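Just below is one structure, and these are the notes that go with it.
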Amino acid sequence: MEQRKDSRFPVGFRSSFSSANSMSGDGMLTELSIRGCRVRSLVEVNPGTVLQLRVHVSDRESPIVISHAIVRWYRDSSFGCEFVNLGAEEWARLRAVTTELEKEPYQKMQDDNEAA
């Protein structure tokens, strides 16, 4: 079994996705890493499908768009994607989100308190 190189973080981000053959749907990202994610969705997606994936991290900003995500597996109303291609700005936004998720909870609370 292949070992993961990047940390995965539990999340609850809304998502939407579509493929070149007009398949589309909505889901909930339940895990996120810098190179991929797990999505819970009622839409069954076949492994090997190439998706455009939109991750809604916040209602206050536009979604992060992963232009080329390959579905690696599907089971129990969830699928796993590997991020293959995304623009420089989207990469920076994704990196910022995962960096924030890496922080210890007390650091996040301190940052939130300083912003208030």
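The values are calculated or read from the model by the stated rules, or taken from the named source; none is laboratory data. Keep in mind that what you see is a predicted model, and the values were worked out from it rather than measured. Reconstructed Cβ throughout: ideal geometry from the backbone, glycine too, with neighbour counts over all protein chains shown. Heads up: the accessible areas ignore ligands, DNA and RNA and are worked out on the full protein's heavy atoms, side chains in. Shrake-Rupley method; radii C 1.70, N 1.55, O 1.52, S 1.80 Å.
Summary table below
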| quantity | calculated |
| --- | --- |
| Residue within segment 55-65 that is over 16 Å from VAL97 (Cα atoms), of a type in the set (Val, Ile, Thr) and in contact (Cβ under 8 Å) with a residue 24 or more places away in the chain present | no |
| Residues satisfying the stated conditions in segment 35-65, i.e. outside any loop (DSSP other than H, G, I, E, B), under 14 Å from ARG14 (Cβ atoms) and β-branched (Val, Ile, Thr) | VAL39, VAL55, ILE64, VAL65 |
| Close pairs from segment 39-53: first of a type outside the set (Lys, Arg), partner part of a loop (DSSP other than H, G, I, E, B) and surrounded by fewer than 18 Cβ atoms within 10 Å (Cβ to Cβ), Cβ under 7 Å, at least 6 apart | SER41/SER77; LEU42/SER77; VAL50/ALA20 |
| Number of positions in segment 85-96 that are in contact with a Ser or Thr (Cβ under 9 Å, 6 or more places away or on another chain) and either at pLDDT 95 or above or open to solvent by less than 70 Å² (accessible area, probe 1.4 Å) (or both) | 3 |
| Qualifying positions in segment 44-60 - among the hydrophobic types (A, V, I, L, M, F, W, C), in contact with a Ser or Thr (Cβ under 8 Å, 6 or more places away or on another chain) and open to solvent by 30 Å² or more (accessible area, probe 1.4 Å) | VAL50 |
| Residues of segment 1-24 satisfying the condition of being surrounded by 15 or more Cβ atoms within 10 Å (Cβ to Cβ) and either at positive phi or hydrophobic (A, V, I, L, M, F, W, C) (or both) | PHE9, VAL11, PHE13, PHE17 |
| Check on SER33, open to solvent by less than 20 Å² (accessible area, probe 1.4 Å), at pLDDT below 95 and either touching a helix residue (DSSP H, G or I) at 6+ places or on another chain (Cβ under 8 Å) or farther than 20 Å from LYS103 by Cβ (or both) | yes |
